[in-house]
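Computed from the coordinates by the stated procedures, all read-outs in this text should not be read as laboratory data. Not measured: the values here are computed from a predicted model. In this analysis, Cβ positions are derived from the backbone assuming ideal geometry, glycine residues included, and neighbour counts consider all displayed protein chains.
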Amino acid sequence: MARKKLIAGNWKMNGLLADGVELAKGVAAEVKKLGRVSTVEFLVCPPATLLTSVKKALKGARVALGAQDCHFNLKGAHTGDISPAMLTDVGCSYVILGHSERRADHGESNALINKKAVSAQAEGLKAVICIGETEAQRDAGKTLEVCREQILGSVPEGSTNKKTVIAYEPVWAIGTGKTPTAADVQEVHAEIRKVLSKKLGRAVANKIQILYGGSVKPTNAKEFLSLPDVDGALIGGASLKVEDFLGIATKVL
Ligand code: PEP
């Protein structure tokens with residue numbers, strides 16, 4: 001069966017209550033207008049403070065709710081953290097893990113991301129595990145090597161397509177307006193699928209959605225979303241405007 005395209009918005013640390021609700025309502029209204037489109041899935045990942053109100057604002061629309069991180073424990077003495085159980089409790093079905101901003105700002109390692117993913121998956125969340133090389137690694141010709149290592153280290157054994165999405169996000173392309181060529185993206189995605197295949201088996205790897213992320217806009221979306229191993233997009237900046245987010249989605253309808 002063909003993999004569906006997942007159009008996912010990562011709002012990052014943006015949005016106060018009123019803005020977040022307005023954005024979510026706007027996305028919900030536009031997705032409802034699309035009617036029953038069975039080949040595309042929608043996801044928004046607002047900051048933790050907005051999860052409950054965004055969930056309400058999305059009511060009746062085919063848009064899933066995700067968080068941007070979680071702890072690996074289900075509860076306990078972890079000040080400032082949020083557990084997978086708390087995320088499912090407020091209606092999340094996805095959680096982004098290992099975004100490069102968390103790897104950089106919070107020193108998250110592949111091993112920690114793996115541990116978080118195990119816990120999130122066990123709690124019923126789909127883990128969107130992010131990987132991608134820095135500009136220096138790219139310039140040193142190490143893109144594939146870095147991505148291989150991140151996949152092997154951060155994706156839990158036994159992961160399936162029901163519990164796992166991979167997002168390839170070259171760090172140098174995030175929020176910069178710079179993007180790799182379509183051929184480069186396809187090469188990396190095909191390599192990711194090969195590594196997943198060795199790790200999880202071919203049948204599972206063929207079903208796992210691999211998203212591209214990094215300065216995706218309505219103007220360049222088609223170029224990436226039409227590649228054989230690109231199964232959607234993880235969108236930062238352009239997910240903060242209803243017309244841009246939907247403008248990307250309509251490229252795969
Ligand atoms: C992201 O943060 O996941 C991202 C891809 O950001 P942007 O689309 O703004 O580059």
remark   = Subset of region 49-83, residues in contact with a strand residue (DSSP E or B) (Cβ under 7 Å, 6 or more places away or on another chain) and not in a loop (DSSP other than H, G, I, E, B), comes to LEU51, VAL54, LYS55, VAL63, ALA64, LEU65, GLY66, ALA67
ask   = Which of the residues belonging to region 117-140 are of a type in the set (A, V, I, L, M), free of Cβ contacts under 8 Å to residues at least 40 places away in the same chain and outside any strand (DSSP E or B)?
value = ALA122, ALA136, ALA140
ask   = Picking from ALA205, ALA117, ALA111, ALA140, which residue would you name as being more than 16 Å from the ligand (Cβ to nearest atom) and more than 26 Å from ALA67 (Cα to Cα)?
value = ALA140
message = Pull out all pairs, ordered by first then second residue, where Cβ-Cβ is under 7 Å, the residues are six or more apart or on different chains, the first lies in region 235-249 and is in contact (Cβ under 8 Å) with a residue 12 or more places away in the chain and of a type in the set (Asp, Glu), and the second is more than 10 Å from the ligand (Cβ to nearest atom) and not in a helix (DSSP H, G or I).
response = ASP244/PRO218
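Return the residue satisfying two criteria in turn: it lies in region 160-183 and is basic (Lys, Arg) and more than 13 Å from the ligand (Cβ to nearest atom), and of such residues it is surrounded by the most Cβ atoms within 10 Å (Cβ to Cβ).
First pass over region 160-183, keeping only residues basic (Lys, Arg): 162-163, 178.
From what's left, more than 13 Å from the ligand (Cβ to nearest atom): 162-163.
Values: LYS162: 11, LYS163: 18.
Among those that are basic (Lys, Arg) and more than 13 Å from the ligand (Cβ to nearest atom), it is LYS163.
Whether any residue in region 229-246 is of a type in the set (S, T, N, Q), surrounded by fewer than 16 Cβ atoms within 10 Å (Cβ to Cβ) and either in a loop (DSSP other than H, G, I, E, B) or in contact with a helix residue (DSSP H, G or I) (Cβ under 6 Å, 6 or more places away or on another chain) (or both) is what I want to check. Show your work before the answer.
Step one: list which residues in region 229-246 are of a type in the set (S, T, N, Q), which gives 239.
Next cut, surrounded by fewer than 16 Cβ atoms within 10 Å (Cβ to Cβ) only: none.
Looking for residues that are of a type in the set (S, T, N, Q), surrounded by fewer than 16 Cβ atoms within 10 Å (Cβ to Cβ) and either in a loop (DSSP other than H, G, I, E, B) or in contact with a helix residue (DSSP H, G or I) (Cβ under 6 Å, 6 or more places away or on another chain) (or both), one finds none in region 229-246, hence no.
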